[in-house]
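The values are calculated or read from the model by the stated rules, or taken from the named source; none is laboratory data. Bear in mind the structure is a predicted one, so any value in this text is a computation, not a measurement. Positions of Cβ are generated from backbone atoms using ideal geometry, with glycine treated the same way; all protein chains shown enter the neighbour counts. When the accessible area is computed, the model is the full protein with side chains, heavy atoms only, and any ligands, DNA or RNA have been set aside. Shrake-Rupley method; radii C 1.70, N 1.55, O 1.52, S 1.80 Å.
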Amino acid sequence: MAPDAILFLVSQPYLKGRRLKALQAALTRACPVPCAVVRMEGRKAGPMTALDTLAGEGARNILVQPVGIPFSDSLFAWLPGALAHWQRERGFEGELALAADQIGDEAVLAAIARSSLDRAAEAVTVDPDQGAIDGAGWDEVPEHRHHLLVCTGPRCNFRESGPLKATLAEELARQGVARECLVATTGCLFPCNNGPVVAHYPAGNWYRLRDADDVARFVSTVLKNGQTLPEFLIHEVSQ
């Protein structure tokens with residue numbers, strides 16, 4: 001049976017929002033059935049929300065297509081279990097299928113090879129003032145009291161860690177402590193079953209923050225008042 005909806009999963013940590021929007025628009029225009037385009041690592045809603053939306057719009061035969069050549073081997077191996085988790089948790093009674101990695105599609109690879117010769121290219125010029133890997137203003141660590149590492153690995157992203165990063169930034173600003181915090185996103189921090197994960201240094205405490213209410217309590221209790229939240233704590237670094 002042909003799919004009545006497609007979820008395109010993009011794995012690209014450093015893809016800018018503008019380019020992701022262009023990719024989303026192009027795939028949506030080309031796709032003959034309703035679709036969603038979601039990045040596995042990012043600030044927007046993750047794959048589970050996208051699947052919820054497609055199912056809520058009536059899709060009963062959803063194809064999940066990884067986008068990227070090559071797609072991560074470890075991520076591809078993990079996806080069947082993650083998709084089965086969503087299907088079981090949501091009670092989805094339709095069909096969910098995972099498409100093959102496109103690295104094995106000769107037509108796709110041939111199209112890329114042809115496009116590299118057909119499209120215009122820009123020559124690299126040697127300029128002593130611009131030909132460098134260093135940038136102005138990147139010599140010092142920004143001043144901060146709290147260093148927060150927000151995991152945006154694929155498993156945490158399935159649990160919506162992308163929106164967690166945005167929610168945290170908004171809450172830090174709302175409670176007036178944004179200037180005291182250096183926030184960085186990371187790849188997998190490993191305690192995936194306890195995600196979404198935020199590591200707080202120099203205290204060395206790792207927390208599970210599941211929603212906006214958890215984030216608000218974390219900011220007020222931990223960052224502003226210097227206390228811990230034992231019910232959210234999942235790891236303590238030995239001093």
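Results, tabulated for the structure shown:
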read-out	value
Every residue from the stretch 221-239 that is in contact with a helix residue (DSSP H, G or I) (Cβ under 9 Å, 6 or more places away or on another chain) and open to solvent by less than 40 Å² (accessible area, probe 1.4 Å)	Leu223, Leu229, Phe232
Some residue of the stretch 144-152 being charged (D, E, K, R), open to solvent by 60 Å² or more (accessible area, probe 1.4 Å) and either touching a His at 6+ places or on another chain (Cβ under 9 Å) or modelled with pLDDT under 80 (or both)	no
Any hit, the stretch 1-16, residues being in a helix (DSSP H, G or I) and free of Cβ contacts under 8 Å to residues at least 40 places away in the same chain	no
Selection within the stretch 21-52 - within 22 Å of Trp78 (Cβ to Cβ) and out of contact with any helix residue (DSSP H, G or I) (no Cβ under 9 Å at 6 or more places or on another chain)	Ala50
Filter result for the condition that a residue is under 20 Å from Asn157 (Cα atoms), of a type in the set (A, V, I, L, M) and either open to solvent by less than 60 Å² (accessible area, probe 1.4 Å) or within 23 Å of the chain's Cα centre (by Cα) (or both), over Val108, Val67	Val67
Candidate set from the stretch 183-219 (those that are of a type in the set (Gly, Ala, Ser) and within 15 Å of Arg145 (Cα to Cα)); member that is surrounded by the most Cβ atoms within 10 Å (Cβ to Cβ)	Ala199
Close pairs from the stretch 168-182: first open to solvent by 50 Å² or more (accessible area, probe 1.4 Å), partner part of a helix (DSSP H, G or I) and modelled with pLDDT of 95 or more, Cβ under 8 Å, at least 6 apart	Glu180/Leu223
